[in-house]
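The values are calculated or read from the model by the stated rules, or taken from the named source; none is laboratory data. Everything quoted here is computed from the prediction, not taken from an experiment. Cβ placement follows ideal geometry from the backbone for every residue including glycine, while neighbour counts extend to all protein chains displayed. Side chains are part of the model used for accessible areas, which takes the heavy atoms of the whole protein and leaves out ligands, DNA and RNA. Shrake-Rupley method; radii C 1.70, N 1.55, O 1.52, S 1.80 Å.
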Amino acid sequence: MSQPSLPDLLAVATEAAYLGGRRTLAYFNTGVAVETKADDTPVTCADRESERIIRDRIRRTFPDHTILGEEGGADEGDPDYRWIIDPIDGTKTFIRGVPFYGVLIGVEVRGQPSAGVVYLPALDEMVSAATGHGCHWNGRPARVSEISTLEEAAVVVTGVSDMMARSDAYERLAAATKFQRTWGDCYGYVLVATGRAEAMLDPSLSAWDCAAVLPILQEAGGQFTTWEGEATIWGKDGVGTNAALHRPVLEILQSERRRDAVR
């Protein structure tokens, strides 16, 4: 098979995310049973079925590619193409019946995050991007906001307690910005990419939490990095911002006073 183009990869990622996401709706707000994984995080049959559907769709077109999923682990294949799946980002949100959860699919091409899709099934919002091809939100071009001062900025996190358990960074950033919101997960990064918020913070994450996010934010004109400023999906934390505020947000994050044991 010839090497797929980025639009080819993105088309499959978009369809797979949609199919997996629509399956989750069969369990949304139904009181689905919840299990606890070894890492003390929740999982449901909706997570597992979504990932199975996504893997099946990818394999139908790209049977030899590597696939890494949060629930199913790694299926090794062509190392030049690695699909990274989070079948439900925000499982805690999902099991509470809150619509801000999403399906995330990122594609690394020769080690570079090159395409990404975030689909929010309960809201029917699709944000997708591929390097050099722009970012789109339900088919329309998506861009980060042009707000250039922290005093006018909106900051999103998933939960305040996790942020405060790590350090004083959130309190300091909250004091410097106009307003703050929670229930973030992947939706926080979508808000940044579509110009509805200026920063989203994660004090800890895994590659499947952000593989889709990095190309989306870059193509929308923003940035995604670790709190140290490295543009990678393999770090221990993450921050997404518009173009203007990345440096001032990083300055606050990098001067944090840790409360937890530094990992």
(request) Determine the gain in length on full extension of the stretch Asp40-Ser255; use 0.36 nm per residue of separation and subtract their C-alpha separation, reporting nm with one decimal. (result) 74.4 nm
(message) At R0 = 25 Å, how high is the FRET efficiency between Glu146 and Thr232 if r is their beta carbon distance? Nearest 0.05 is fine.
(response) 0.45
(request) Rounding to the nearest 20 debye, state how big the charge dipole of region 66-133 is about its Cα centre with +1 on each Lys and Arg Cβ and -1 on each Asp and Glu Cβ. (result) 240 debye
(request) For the chain, just the Cα atoms, rotate onto the principal axes and tell me the three extents in Å, largest first. (result) 50, 42, 34
(request) Just report the Cα centroid separation between region 155-177 and region 7-58, whole Å. (result) 29 Å
(request) Find the Rg to Rh ratio for region 190-263, where Rh is the Kirkwood radius over alpha-carbon pairs and Rg uses the same atoms. (result) 0.95
(message) For region 1-130, I need the span (max minus min coordinate) of the C-alpha atoms along each principal axis, in Å, sorted largest to smallest.
(response) 45, 31, 23
(message) Run lengths n ≥ 4 of DSSP H only: what is the helix-derived mean residue ellipticity at 222 nm for the chain, with -39500 (n - 2.57) per run over all residues, to the nearest 500?
(response) -9500 deg cm²/dmol
(request) With the convex hull built on the Cα atoms of region 146-209, state its orientation-averaged projected area in nm². (result) 4.3 nm²
(request) Would you mind working out the magnitude of the charge dipole of the chain relative to its Cα centre, with +1 at each Lys and Arg C-beta and -1 at each Asp and Glu C-beta, to the nearest 20 Debye? (result) 400 debye
(request) State, to one decimal in nm, how far the label point of Gln112 lies from the label point of Ala165, with both points 7 Å from Cα in the Cβ direction. (result) 3.7 nm
(message) Keeping all protein chains in place and using 1.4 angstrom, which order do Arg57, Arg258 fall into by accessible surface area, from largest down?
(response) Arg258, Arg57
(request) Please list Cys135, Cys45 in order of solvent-accessible area, largest first, computed with a 1.4 Å probe with all protein chains present. (result) Cys45, Cys135
(message) So for each of 185-194, 67-76, 104-113 I average, over its residues, the number of other beta carbons within 10 Å; can you give me the resulting order with the highest mean first?
(response) 185-194, 104-113, 67-76
(request) Two decimals is fine: what is log10 I(q)/I(0) at q = 0.16, 0.17, 0.23, 0.24 Å⁻¹ for region 84-152, from a Debye sum with one equal scatterer on every Cα and no solvent? (result) -0.70, -0.76, -1.00, -1.02
